[in-house]
Amino acid sequence: MSRIDIGTLSSLIALIRALDSHSSVDTDIKNIVIRALSGESSCSELKGQKLALAPGCTSCKTPCGRTEEPDITYLASLPNWEMKMKLLDRITEVATSRLDDNKLELIYKAIFNIGESWVSEETISELLNSFER
């Protein structure tokens, strides 16, 4: 299975982090996420969308780091990275199928968790299993 490149993954995680504070997600964002998972969306497109969602982040005087791109090198050094890549593979497969709002929400949740260092293997396993249902 072909994975998205590391830069795109990092930008995608940052976009999903920015989405977390929004109550609704428009069709453009859904399409960008799906295109990113299929390797058809660029880092600059993802960064542009994140900037549109959270325009104040770039000029914030006290940045919280919430919408920053994660350090993928550090994440890849953690013991659960292989499981996270299995989850990414599964997300990529699911993204090519017909998606309802529940599946899309699961995809967002999974991408968010791939970008976090504190996520347990149990959580990743639960997410993997949720795509089997």
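The values are calculated or read from the model by the stated rules, or taken from the named source; none is laboratory data. Since we're looking at a predicted model, the values are computed, not measured. All Cβ positions, even for glycine, are placed from backbone atoms using ideal geometry, and neighbour counts span all protein chains on display.
Would you confirm whether any residue within region 72-87 is of a type in the set (D, E), surrounded by fewer than 18 Cβ atoms within 10 Å (Cβ to Cβ) and part of a helix (DSSP H, G or I)? Within region 72-87, one or more residues are of a type in the set (D, E), surrounded by fewer than 18 Cβ atoms within 10 Å (Cβ to Cβ) and part of a helix (DSSP H, G or I).
Hey, does region 82-90 have a residue that's closer than 11 Å to L12 by Cβ, in contact with a Lys or Arg (Cβ under 8 Å, 6 or more places away or on another chain) and at pLDDT 85 or above? Spell out the reasoning first.
Going residue by residue through region 82-90, those that are closer than 11 Å to L12 by Cβ are 88.
In the following step, the residues that additionally are in contact with a Lys or Arg (Cβ under 8 Å, 6 or more places away or on another chain) were identified as 88.
Subsequent filtering for residues that are at pLDDT 85 or above retains 88.
Within region 82-90, one or more residues are closer than 11 Å to L12 by Cβ, in contact with a Lys or Arg (Cβ under 8 Å, 6 or more places away or on another chain) and at pLDDT 85 or above.
Among the criteria (1) crowded, with 19+ Cβ neighbours inside 10 Å; (2) within 12 Å of the chain's Cα centre (by Cα); (3) assigned to a helix (DSSP H, G or I); (4) not aromatic (F, W, Y), the one T67 does not fulfil is (3). Just one residue in the set A14, A36, A52 is among the hydrophobic types (A, V, I, L, M, F, W, C), buried (at least 19 other Cβ atoms within 10 Å of the Cβ), in a helix (DSSP H, G or I) and free of Cβ contacts under 8 Å to residues at least 40 places away in the same chain; that residue is A36. If we scan region 80-95, do we find a residue that is out of contact with any helix residue (DSSP H, G or I) (no Cβ under 6 Å at 6 or more places or on another chain), more than 17 Å from R3 (Cβ to Cβ) and without any contact (Cβ under 8 Å) to a residue 40 or more places away in the chain? The answer is no; no qualifying residue exists.
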